[in-house]
Amino acid sequence: MKLNFLAGNRIIRIILLVGLILVLIQLRGWLDLSEKRTDDSFKQAGIDPLPLACIFRGELEKNEPLYLSLLKKGIPSQLIYELTSTIRGKLDLRKSLPGDSYTLVSTPDSILFFEYQKGMDEKYRVTRELGELKASVEPLKFNRIIKSIQGEIESSLWESMIDLCKNPELILKFAEVFEWEIDFLTEPQRGDSFRLIFEEYDMNGDFVKYGDILAAEYRSGSHSNQAVIYQIPNGRKDWFDSSGKSVRKAFLKSPLNYRRISSRFSYSRFHPIFKVFRPHLGVDYSAPAGTPIVSSADGVVISAGWKGGLGKAVEIRHTNGFVTSYGHLSGIAKGIRSGARVNQKDLIGYVGSTGNSTGPHLDYRVKVNGRFVNPLKMIAPPVEPIKPEYMADFQTHRNNLIYALDLLTRNDLLAWERKK
Ligand SMILES: [Zn+2]
């Protein structure tokens, strides 16, 4: 019974196979004909017949522009020119990065298809439509996952967070939420704690990038700073404290910017040591020579140059009678001269030891209407609280985020997923 069935099955298969071969032979003859026939229509459409098309795949190396990578593959420069000038409308090729990858389908004299993957989250495509090359941006679909982390400070924020992160960007984003309130280079103390919930994007299970930090908390002793993100209706998305005041202030907590400093050693584990001293009416930050210094508020440069015992120094006037000064610099940033406008966080110079100084440090002073104030205790005015008409909406939103922050961190849940 079984054998018979198998035998029968085999016969059917053989019949089918023979039939298929006959059909293929027929089809081949027909295809040959049609290829000859469509040769002209391909030419009319500006497309070369396919048989000679090749697929090239490549990845950009360090300091290697796209055209060079394509040249190395033997693509004629004429075609490269046509391709890059098409794609330029959608993508700035000067911003290409090592590791960007591409696929090119081309005949020796015509480009048929090109796809360019920039970083993890941008994809561009060039196709031929009616003879013309057209560039487009390809939307990529990511999963958005809400995750949480929490921890305690051992010695610095960086060291306590780095092992919990897929990349240091999350630390920088966290430091930026609080950069008007906490100087993460000098203030953290052993035993301080932090927790946050944030968006993470992945594709097929692979980490792509961090999104926004949705809620964050930094606790030091009995004092706690909390911030939640909120999209103001018809306005910008920003962080607010739990009472609805913007975390943004007219002055940064410190002119030593966490992101600028960290970018110099992003992938090392340790930050250099920064310390604060108050030997005079301002504050001294001991910091490695060359550490970048930023303007702590928007303003106009009053002076930039040698200033007696302060050595190389910059002085900036801000609104409401505030003046800040930065002394002992090793160098002054490009464009910083008397009369120049600066924005908060603009680079103004580098830590040094010029003038009366025994070692590299930044002498930072703040004056209000001619009188020195303690920059570490200065209470800077916040900008833009939530408008009363949005307060109820904000409060609901804040309660949800704080609830999520508690839930995710207290119960050690890893994440909950939400489709966008
Ligand atoms: Zn000093």
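The values are calculated or read from the model by the stated rules, or taken from the named source; none is laboratory data. What you see is a predicted model, and the numbers here were worked out from it, not measured in a lab. For neighbour counting, all protein chains shown are included, and Cβ atoms are generated from backbone atoms with ideal geometry for every residue, glycine included.
The residue of the stretch 378-390 that is modelled with the highest pLDDT, among those that are under 13 Å from I232 (Cβ atoms) and surrounded by 13 or more Cβ atoms within 10 Å (Cβ to Cβ), is Y390.
Filtered by the rule that a residue be in contact (Cβ under 8 Å) with a residue 40 or more places away in the chain and closer than 22 Å to K62 by Cβ, the stretch 89-98 gives a lone residue, L91.
The condition of being surrounded by fewer than 17 Cβ atoms within 10 Å (Cβ to Cβ) and either more than 19 Å from A227 (Cβ to Cβ) or out of contact with any strand residue (DSSP E or B) (no Cβ under 9 Å at 6 or more places or on another chain) (or both) holds for only one of P139, P168, that being P139.
In the set S295, S254, only one residue is modelled with pLDDT of 90 or more, more than 16 Å from the ligand (Cβ to nearest atom) and crowded, with 16+ Cβ neighbours inside 10 Å; that residue is S295.
Within 11 Å of the ligand (Cβ to nearest atom) and under 22 Å from E179 (Cα atoms), is that true of V323? In short, no. Of the residues making up the stretch 197-223, those that are more than 18 Å from L407 (Cα to Cα) and of a type in the set (G, A, S) are G205, G211, S220, G221, S222.
Being at positive phi, exposed (fewer than 12 other Cβ atoms within 10 Å of the Cβ) and over 33 Å from the mean Cα position of the chain (by Cα) is a condition met by at least one residue of the stretch 361-377. Considering every residue within the stretch 341-357, establish whether at least one is in the same structural domain as H280 (by TED's automatic domain parsing), at negative phi and modelled with pLDDT under 95. Yes, some residue in the stretch 341-357 is in the same structural domain as H280 (by TED's automatic domain parsing), at negative phi and modelled with pLDDT under 95.
Only a single criterion out of (1) in contact with a His (Cβ under 7 Å, 6 or more places away or on another chain); (2) away from the ligand (no atom under 13 Å from the Cβ) is not satisfied by A340, namely (1).
The residue that is modelled with the lowest pLDDT, among those in the stretch 266-288 that are within 15 Å of the ligand (Cβ to nearest atom) and under 31 Å from the mean Cα position of the chain (by Cα), is F274. Looking only at residues in the stretch 306-321 that are assigned to a strand (DSSP E or B) and not hydrophobic (A, V, I, L, M, F, W, C), the one that is farthest from the chain's Cα centre (by Cα) is K312. Counted as qualifying within the stretch 202-305 are the strands (runs of 3 or more DSSP E) with 2 or more residues that are in the same structural domain as N399 (by TED's automatic domain parsing), namely 206-220, 223-231, 237-240.
Residue pairs whose Cβ atoms lie under 6 Å apart, separated by 6 or more positions or on different chains, with the first residue in the stretch 105-134 and within 22 Å of L52 (Cα to Cα) and the second among the acidic types (D, E), are T107/D48; S110/D48; R125/E115; R125/E138.
Looking across L347, L329, one residue alone is more than 21 Å from G309 (Cβ to Cβ) and either of a type outside the set (D, E) or away from the ligand (no atom under 16 Å from the Cβ) (or both). It is L347. Restricted to the stretch 107-157, the set of strands (runs of 3 or more DSSP E) holding at least 1 residues that are over 18 Å from L60 (Cβ atoms) and hydrophobic (A, V, I, L, M, F, W, C) comprises 110-118, 132-138, 143-152.
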